[in-house]
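Take a look at the structure set out below.
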Amino acid sequence: PQEGKPNRKEYQITDEGRIELRRWLVTPLPLDPVREASLIQIFFSHFSSNEEIAALFESRMKEIEEHLHILKNVAQAAIDENAKRIGLERARQLWQITLDYGIDYYEFELAWHEKMLKTIHNLPPLMPPTK
């Protein structure tokens, strides 16, 4: 029992579940399609001014920077703490691989937005609609 909290119910994987997990772990997965809503927004941004598009990019870049900070600090600390608690270096390294993927992904996205922001500032201006 936990003091001041409801009793925590703990679950364990069944033998059948362990077999299914092992099967899934060694099965190659298909490539996920890119489904980035912000790219659709950019695709149709010819209806927006350069300033409006740039503001979207700058907002997104700020959000990415905040997320990177969390990954590099909070998530990294959680990996280190949990690995120390269970004492499995192998698990720590595998967890680190997944964290590194997330960090690399968002660092790429941030660099891409910085690069494209320069392009956006040099776009021809938005023209008023013609009748």
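A few remarks follow.
- Extension gain, ASP100-LEU123: 0.36 nm per intervening residue step, less the Cα-Cα distance, totals 4.8 nm.
- Spatially close lysines, pair count over the chain: Cα under 21 Å, gap of eight or more or interchain: 4
- Mean projection area, nm², convex hull over Cα of region 12-54: 5.8 nm²
- Principal axis dimensions, largest first and in whole angstrom, of the chain by Cα: 70, 34, 32
- For region 61-121: Kirkwood Rh in Å [reciprocal of mean 1/r, alpha carbons]: 12.8 Å
Just so you know, all these numbers are worked out from the coordinates, no wet-lab data involved. All figures in this text were calculated on a predicted structure; none of them were measured in a lab.
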